[in-house]
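The values are calculated or read from the model by the stated rules, or taken from the named source; none is laboratory data. Please read all numbers here as calculations on a predicted model, not as lab measurements. Cβ placement follows ideal geometry from the backbone for every residue including glycine, while neighbour counts extend to all protein chains displayed. Surface accessibility is based on the protein's heavy atoms, side chains included, excluding ligands, DNA and RNA. Shrake-Rupley method; radii C 1.70, N 1.55, O 1.52, S 1.80 Å.
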Amino acid sequence: MSIRIKLLLSFTGMLVISLLVFVLTASLFTVAATGDIRGVRDFYKVHYQVNPLTEQEESIFLELKYLAKNEPDGLLDQELLKEYDFKLRTVRAGLYVRKENLQVYESNTLNQPELEANLPPFDLNNNQIRNTLSIGERFYAYAKFDFQFSDETKGSVYVIRERSPFGEVTRKLLPILVLSLVGIIVVANVMLYRWITRSVVKPLDLLRNSAEHIKEGNLQFTLDMHSKDEIGQLNETFENMRKRLHESIQLRLRDEENRKELISNISHDLRTPITNIKGYVEGIRDGVADTPEKMDKYVNIIYTKTIDLDKLVDELFLYSKLDLKQVPFMFEHVDIVGFIDDCIDEQRYVMEEKDIRLEWKERPGDPVEVIADLEKLKRTVLNIIGNAQNFMDKGQKNIGVSIRLSPEWVTVEIRDNGTGIAPESIPYIFERFYRAEPSRNSSTGGSGLGLAIAGQIIEGHGGQIWAESELGVGTSLYFTLKRATRKEAR
Ligand SMILES: Nc1ncnc2c1ncn2[C@@H]1O[C@H](COP(=O)(O)OP(=O)(O)O)[C@@H](O)[C@H]1O
Ligand SMILES: [Mg+2]
């Protein structure tokens, strides 16, 4: 059974129950008011028999009683009776006086033609002074006193009050009352039902639709959340789940894309030297290299290409291992100033050959200890210096190294006055296989893995690497390393 039907049933149930209760109450009230059930009427009777009149009415009644006892003929005086009647009327009661069987006075407020016939008979002992009586559907409470006029005729004086005007009102208003109450209950039920449906069933429908979407693999939608209740929370959790799922799928797709690209790049980069080698080997086989000099040249070319290939495979291997975080870092305390000194010394011969001046720009006087993996750090520095010398285009070729210190970090800058890098290329130079010039010409550069490897290594050290460059002026490559604190240095 769907929630919608359950709700509909429960609301209808409530409606029926409240209608039943209402009808029951209404009929009880009607019965009480119109006196169809004796029991209820009797309850009133007992109460009004003991206490038919209010205090004010009672005091007027006592006055009349006194008069009847001491000066009975006064009760024949219409003027006096009118006066009493007026007093009684102000407290909503009426006066009735009888002599033998004839009415002497009747308040017109009582407005009951059958009153006379229903009044109790004369009883000089006054056994029951206070009582109730009902005429048709009307109900009265009264106090009476029987006495004798001076001529010994039977006299009675009544102070009468009609009770339960509510009965009258109910009888007249009951149909309207019933209709409007039923109406209110029905309208309230319909509104409650709609409210609950809106706040429970609709969001659930939305949730189901979303789940349906996800099942079909569509994750590009958002779940609108309107409420803060349990269902709102459920929606929120669901929305978070969708986002996560979407992200992880995106990530997987990107990884997949990366892998494809990597494979295609590797195949391309491997094919070029291999095609070259194949060409020269074929030349030798076919006897194109027919002189010892030519033969020598061919073999040399093949040798260089093989070395290139070896270097490329080596870089690829290192890069992929770094990428998979499979290379352990051997961290130790290194004096970075001494380390750069060694690098410059080592490279001096190569640089002089290429007419490049490699020197210190800013060198701290004292040793500065950093935590680093020496071998990998060397690889980074060599990759950067290698690039600097590869992209030289000026007559005077300079590479300058600076070290700057902050309390926690050491920043190394390697600056050249080469071609510079176009601003739009700078964000990509640390990506694998990225080379700013489109032709993959191996005379100016390598595989495009040099800076990617440098980036991985510095990242492994917990440092940062970045470049600043101006096209035609030169390039600065920076990287940071964490300084060894004094405690660690011990
Ligand atoms: N010092 C530099 N001067 C000019 N361009 C540079 C410099 N260093 C790096 N680049 C640019 O960044 C690219 C990526 O460098 P790298 O990853 O070392 O690859 P590769 O040296 O194999 O081309 C280079 O191809 C080049 O376009
Ligand atoms: Mg390089």
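Among the residues of segment 212-240, write down those that are free of Cβ contacts under 8 Å to residues at least 12 places away in the same chain, surrounded by fewer than 13 Cβ atoms within 10 Å (Cβ to Cβ) and either over 19 Å from residue 7 (Cβ atoms) or among the aliphatic types (A, V, I, L, M) (or both).
212, 215, 216, 217, 218, 228, 233, 237, 240
Failed condition for residue 92, given (1) in contact (Cβ under 8 Å) with a residue 12 or more places away in the chain; (2) in a helix (DSSP H, G or I); (3) open to solvent by 90 Å² or more (accessible area, probe 1.4 Å), with all others met?
Just one mismatch for residue 92, condition (2).
Any residue in segment 420-435 that is out of contact with any helix residue (DSSP H, G or I) (no Cβ under 7 Å at 6 or more places or on another chain) and modelled with pLDDT under 90? First the steps, then the outcome.
Going through segment 420-435, the residues out of contact with any helix residue (DSSP H, G or I) (no Cβ under 7 Å at 6 or more places or on another chain) turn out to be 420-428, 435.
Adding the requirement that they be modelled with pLDDT under 90 leaves 435.
Taking every residue of segment 420-435 in turn, at least one turns out to be out of contact with any helix residue (DSSP H, G or I) (no Cβ under 7 Å at 6 or more places or on another chain) and modelled with pLDDT under 90.
Report yes if some residue within segment 268-280 is small (Gly, Ala, Ser), outside any loop (DSSP other than H, G, I, E, B) and either assigned by TED's automatic domain parsing to the domain that holds residue 483 or at pLDDT 90 or above (or both); otherwise report no.
Yes, there is a match, as at least one residue in segment 268-280 is small (Gly, Ala, Ser), outside any loop (DSSP other than H, G, I, E, B) and either assigned by TED's automatic domain parsing to the domain that holds residue 483 or at pLDDT 90 or above (or both).
Would it be correct to say that residue 252 is farther than 15 Å from residue 306 by Cα and open to solvent by 70 Å² or more (accessible area, probe 1.4 Å)? Spell out how you get there, then give the answer.
Details: farther than 15 Å from residue 306 by Cα: yes; open to solvent by 70 Å² or more (accessible area, probe 1.4 Å): yes.
In short, yes.
Every residue in segment 103-143 that is of a type in the set (D, E, K, R) and assigned to a strand (DSSP E or B), please.
Step one: filter segment 103-143 for residues of a type in the set (D, E, K, R), giving 106, 114, 116, 123, 130, 137-138.
Across segment 103-143, the qualifying residues are 106, 130, 138.
Which one of the conditions (1) surrounded by fewer than 19 Cβ atoms within 10 Å (Cβ to Cβ); (2) within 14 Å of ligand 2 (Cβ to nearest atom); (3) not in a loop (DSSP other than H, G, I, E, B) does residue 387 fail to meet, given that it meets all the rest?
All conditions are met except number (1).
Look through segment 154-164, keep the residues that are modelled with pLDDT of 90 or more and touching a strand residue (DSSP E or B) at 6+ places or on another chain (Cβ under 6 Å), and return whichever of them is surrounded by the most Cβ atoms within 10 Å (Cβ to Cβ).
The qualifying residue surrounded by the most Cβ atoms within 10 Å (Cβ to Cβ) is 159.
If you go through segment 128-146 one residue at a time, do you hit one that is among the β-branched types (Val, Ile, Thr), over 17 Å from residue 66 (Cα atoms) and open to solvent by less than 30 Å² (accessible area, probe 1.4 Å)?
Step one: filter segment 128-146 for residues among the β-branched types (Val, Ile, Thr), giving 129, 132, 135.
Okay, now just the ones that are also over 17 Å from residue 66 (Cα atoms), so 132, 135.
When the remaining residues are screened for being open to solvent by less than 30 Å² (accessible area, probe 1.4 Å), the result is 132, 135.
Yes, segment 128-146 contains at least one residue that is among the β-branched types (Val, Ile, Thr), over 17 Å from residue 66 (Cα atoms) and open to solvent by less than 30 Å² (accessible area, probe 1.4 Å).
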